[in-house]
2 protein chains.
Amino acid sequence: MESLSIHITINPELYTKNPESSDLGKKIVQTSIEMINDLGFESFTFRKLGVAIGSNESSIYRYFESKHALLVYLINWYWSWIEYKLVFATTNITSAKDKLNIAITLFTQEVKEDNSFTFINKVLLNKIIISESAKAYHTKDVDEENKKGFYKTYKRVVQRVSDMVLEINPKFEFPHMLISTVIEGAHHQRYFSQHLPSLTDVEEGKNNIVRFYTDLVQKIIAK
Amino acid sequence: MESLSIHITINPELYTKNPESSDLGKKIVQTSIEMINDLGFESFTFRKLGVAIGSNESSIYRYFESKHALLVYLINWYWSWIEYKLVFATTNITSAKDKLNIAITLFTQEVKEDNSFTFINKVLLNKIIISESAKAYHTKDVDEENKKGFYKTYKRVVQRVSDMVLEINPKFEFPHMLISTVIEGAHHQRYFSQHLPSLTDVEEGKNNIVRFYTDLVQKIIAK
DNA sequence: AAAGATATGAAAGTATTACTATTAAATTGA
DNA sequence: TCAATTTAATAGTAATACTTTCATATCTTT
């Protein structure tokens, strides 16, 4: 039962006006998730979003200064949510190996259903992360944005799980590399399985992505 | 000595007029590589390129129907070149393990110098692959473009190296997943090392990316 | 219930992008 | 040298990514 009254707080640097503070704000976030999924990030515009929610483009700009800022917001929301799930699923588990396996599964499995506690559709958001999130940090402004904390949530999640790796094998040299490889890799593999299947080895219902990365991590960090 | 009179042939579907067929064409490709590196793909435009090479925007459109098409061309050129290096470096090598190690090194090491046999700067092209190539296939048109062969060269390289994996361990279940994870992973790690260093474990001069992936592959496919 | 503050909407405007189309001039090649 | 091809110049279009201004609606406080 996931329906706790949990609330995900987003760093105020990531919006101009908090979208959670009004109905319009929530509708902007909610509908943008649907539209980015439908149209792809490139074809999605604030003008189209305005039409879809029956609001004005200029009103949307009061919440997010650009569609890029909105994407960054969504990505941070996603990682905050994953972090919450991670902490929730690993507390009271003593075995470091078990904790790590839980984390890897969380990173690599598809989000299939949304036991919703908010207005945000996590199934669609997961798809956005898979298809669009690289666009957020592959910009000429990364360094500047990184300084402002735009990628903090993601980095914190990687740090948490890297610590689990070190708990198992304190001498392992590359924990961050391993974990970010797993996360990004799993997203790529999911995308490839749908669009460029010859780059992957996914078979219907066999859970290969989760199996591959779980096994990979275990073998790599073995002492 | 790499200065063979080797020539990289690009699938004619990937351009409107072959840029290698004229000085203007070569200048378009050559200068676009520099400009995409300097400005980033988003800020790069055919108008700016026209100004830079002292030519007209409309002339550039006779070679490539869009800047996206140009990026796809560059990516294919890159993978053709890697494929050439791969084949060249692995012929006459009998040990499958040695061949695989050569391939992994080729994928994961930085391109540092350009023993040029063409007008294309491979050091810069490698940087474009690292920073921009995900943008080529994270589009709503992937499926269509994939059918037209836009990603064929990359897929062929992955296939070649997957075959090496199977030569070592014919029972290994996920050769394509492994190889595309290594390639994409190494690119990510290189990017992270410069812009989001807490997601990686790169240390100056220690070749960690190559070491990490070489070791990873070896451990994963061990019988 | 009035006054003030704040949020939203409507409309118009700007600079730029990603092209397309037309026509003229230059270059090349048989 | 004549024709074909290539490139350049110019202009034009629809859309994008915003910004600005001002009016109106709604909420808050007294």
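I need the full set of residues from region B:208-223 which are open to solvent by 60 Å² or more (accessible area, probe 1.4 Å) and either modelled with pLDDT of 95 or more or touching a Pro at 6+ places or on another chain (Cβ under 9 Å) (or both), in order please. The answer is B:R211, B:Q218, B:K219. May I ask you to verify whether A:K155 is within 11 Å of another protein chain (Cβ to nearest Cβ), outside any loop (DSSP other than H, G, I, E, B), surrounded by 15 or more Cβ atoms within 10 Å (Cβ to Cβ) and not aromatic (F, W, Y)? When the stated conditions are applied, A:K155 passes them.
Being assigned to a helix (DSSP H, G or I), in contact (Cβ under 8 Å) with a residue 60 or more places away in the chain, of a type in the set (V, I, T) and open to solvent by less than 60 Å² (accessible area, probe 1.4 Å) is true for just one of A:I10, A:I33, A:I6, A:I28. Which residue is that? Write out each step before concluding.
Details: A:I10 fails: assigned to a helix (DSSP H, G or I); A:I6 fails: assigned to a helix (DSSP H, G or I); A:I28 fails: in contact (Cβ under 8 Å) with a residue 60 or more places away in the chain.
Going through A:I10, A:I33, A:I6, A:I28 in turn, just one is assigned to a helix (DSSP H, G or I), in contact (Cβ under 8 Å) with a residue 60 or more places away in the chain, of a type in the set (V, I, T) and open to solvent by less than 60 Å² (accessible area, probe 1.4 Å): A:I33.
Being of a type outside the set (F, W, Y), away from DNA strand C (no atom under 16 Å from the Cβ) and in contact with a Leu (Cβ under 7 Å, 6 or more places away or on another chain) holds for only one residue in B:E34, B:E110, and it is B:E34. Being within 12 Å of DNA strand D (Cβ to nearest atom) and at negative phi is the requirement here; does A:S21 meet it? Spelling it out, A:S21 is indeed within 12 Å of DNA strand D (Cβ to nearest atom) and at negative phi. Counting only residues that are away from DNA strand D (no atom under 11 Å from the Cβ) and crowded, with 17+ Cβ neighbours inside 10 Å, region B:36-48 holds 5 of them. The residues of region B:175-207 that are open to solvent by 10 Å² or more (accessible area, probe 1.4 Å), touching a Ser or Thr at 6+ places or on another chain (Cβ under 8 Å) and either hydrophobic (A, V, I, L, M, F, W, C) or more than 8 Å from every other protein chain (Cβ to nearest Cβ) (or both), listed by number, are B:H187, B:S193, B:V202.
For region B:52-64, does any single residue satisfy the condition of being among the charged types (D, E, K, R), closer than 28 Å to A:D143 by Cα and either open to solvent by less than 20 Å² (accessible area, probe 1.4 Å) or modelled with pLDDT of 95 or more (or both)? Let's see the steps before the verdict.
Filtering region B:52-64 for residues among the charged types (D, E, K, R) gives B:57, B:62.
So of that shortlist, the ones also closer than 28 Å to A:D143 by Cα come out as none.
Scanning region B:52-64, I find no residue that is among the charged types (D, E, K, R), closer than 28 Å to A:D143 by Cα and either open to solvent by less than 20 Å² (accessible area, probe 1.4 Å) or modelled with pLDDT of 95 or more (or both), so the answer is no.
Quick one: in region B:52-69, which of the residues that are more than 10 Å from DNA strand D (Cβ to nearest atom) and more than 14 Å from every other protein chain (Cβ to nearest Cβ) is nearest to B:S133 (Cα to Cα)? Filtering first and then ranking leaves B:A69. Of the residues making up region B:130-140, one or more are exposed (fewer than 15 other Cβ atoms within 10 Å of the Cβ) and out of contact with any Phe, Trp or Tyr (no Cβ under 6 Å at 6 or more places or on another chain).
Can you name the residue in region B:13-25 that is over 20 Å from the mean Cα position of the chain (by Cα) and farther than 14 Å from B:V72 by Cα and is also most open to solvent (accessible area, probe 1.4 Å) among such residues?
If we filter region B:13-25 for residues that are over 20 Å from the mean Cα position of the chain (by Cα), which is where we start, we get B:16-17, B:21-25.
In the following step, the residues that additionally are farther than 14 Å from B:V72 by Cα were identified as B:17, B:21-25.
Numbers: B:K17: 88, B:S21: 77, B:S22: 27, B:D23: 125, B:L24: 54, B:G25: 0 Å².
The extreme case among them is B:D23.
Checking the stated criteria, B:K206 turns out to be of a type in the set (K, R) and part of a loop (DSSP other than H, G, I, E, B).
For A:L39, the conditions (1) away from chain B (no Cβ under 14 Å); (2) within 16 Å of DNA strand C (Cβ to nearest atom) are fulfilled apart from (1).
Of all residues in region B:42-63, count the ones that are within 12 Å of DNA strand C (Cβ to nearest atom), out of contact with any Ser or Thr (no Cβ under 8 Å at 6 or more places or on another chain) and in a loop (DSSP other than H, G, I, E, B). The total comes to 3.
The values are calculated or read from the model by the stated rules, or taken from the named source; none is laboratory data. From a predicted model like this one, the values you see are computed outputs, not experimental measurements. Neighbour counts run over all protein chains shown; Cβ positions are idealised from the backbone, glycine included. Side chains included, ligands, DNA and RNA excluded: accessible areas come from the protein's heavy atoms. Shrake-Rupley method; radii C 1.70, N 1.55, O 1.52, S 1.80 Å.
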